[in-house]
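A quick write-up on the structure given underneath.
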Amino acid sequence: MSEETIRVSKLMSEQGLCSRREADRFIKNGWVLVDGERITTLGTKATRQQKITLSKEAETKMQQAVTILLNKPIGYVSGQAEKGYQPAVTLFGANNHYRDDRNTTRFHRKQLVGLAPAGRLDIDSTGLLILTQDGRIARQLVGEDSNIEKEYLVRVEGRLSEDELALLCHGLKLDGKALKPAKVSWQNEDQLKFILRQGKKRQIRRMCEAVGLTVTGLKRVRIGRVRLGKLPLGQWRYLGEQERF
């Protein structure tokens, strides 16, 4: 029985070498080797037992990839422009660079190429949004097997019983599917802290609605081990050289 063959780009993504989009670009440039043999044709397949490696050119390209932290204001969409609203990436420029950024990387317009959000943040929400050129980071944050915590501070109106608070932590369904357990706790009389390991569209607002609460403000303050900190609204900084999600 012959071994199953799979597209090399998919294998590269599964193995955490890079994203599938990057894999296709590297293959076209001749920067991918399968069992030591350079491949250049998109759609080339290999088995899971074959060894896939990147050339020095690809490794250098990935080392140069930038990742930024943005404190997204209300009114900006995370991804593509829609309904007249600007995408958050338009805030990535020299004028909005946090002056206390400790990373020594210098801003250049070329860093916009391939810079994409790793996850969403609703148009009416603020806080930490990650944009990256690095497919490995994107996969870590939004891949199917991602288990990274995301922390939010949520201002609400309404009353909440202990049973309803417990329901926010575990037991709710959205779109007919049970949600993963969450950590929800009061910070003060009108603010809750949510810690989630998933990110369905408008999840927190819909969770609150399900228990009779109205969200009046939502801010993401942490993704994994990376915190928003003192980054001002509408400004950005590079991911620190020693920071890891």
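The values are calculated or read from the model by the stated rules, or taken from the named source; none is laboratory data. Owing to the predicted nature of the structure, the values given are computational and were not obtained by experimental measurement. Note: ideal-geometry Cβ built from the backbone for every residue, glycine included; neighbour counts use all protein chains shown.
No other residue among ARG139, ARG120 is of a type outside the set (A, V, I, L, M, F, W, C), touching a residue at least 40 places away in the same chain (Cβ under 8 Å), buried (at least 20 other Cβ atoms within 10 Å of the Cβ) and in contact with a Gly (Cβ under 7 Å, 6 or more places away or on another chain) apart from ARG139. Restricted to segment 22-67, and to residues there that are touching a strand residue (DSSP E or B) at 6+ places or on another chain (Cβ under 8 Å) and basic (Lys, Arg), the residue that is modelled with the lowest pLDDT is ARG48. A residue that is surrounded by fewer than 19 Cβ atoms within 10 Å (Cβ to Cβ) and on the phi > 0 side of the Ramachandran plot occurs somewhere in segment 182-202. If you check ASP124, ASP101 for being more than 13 Å from the chain's Cα centre (by Cα), within 23 Å of VAL211 (Cβ to Cβ) and outside the structural domain of GLN191 (by TED's automatic domain parsing), only one passes: ASP124. Within segment 98-117, the set of residues being surrounded by 15 or more Cβ atoms within 10 Å (Cβ to Cβ) and over 21 Å from GLY135 (Cβ atoms) comprises TYR98, ASP101, PHE107. On the basis of being small (Gly, Ala, Ser), at pLDDT 90 or above and within 30 Å of SER125 (Cβ to Cβ), does SER78 make the cut? When the stated conditions are applied, SER78 passes them. A Cβ distance below 6 Å, combined with a sequence gap of six or more or placement on separate chains, defines the contacts here; from segment 158-171, residues that are assigned by TED's automatic domain parsing to the domain that holds ALA182 and closer than 18 Å to LEU196 by Cβ reach residues that are small (Gly, Ala, Ser) and assigned to a loop (DSSP other than H, G, I, E, B) in the pairs CYS169/ALA182.
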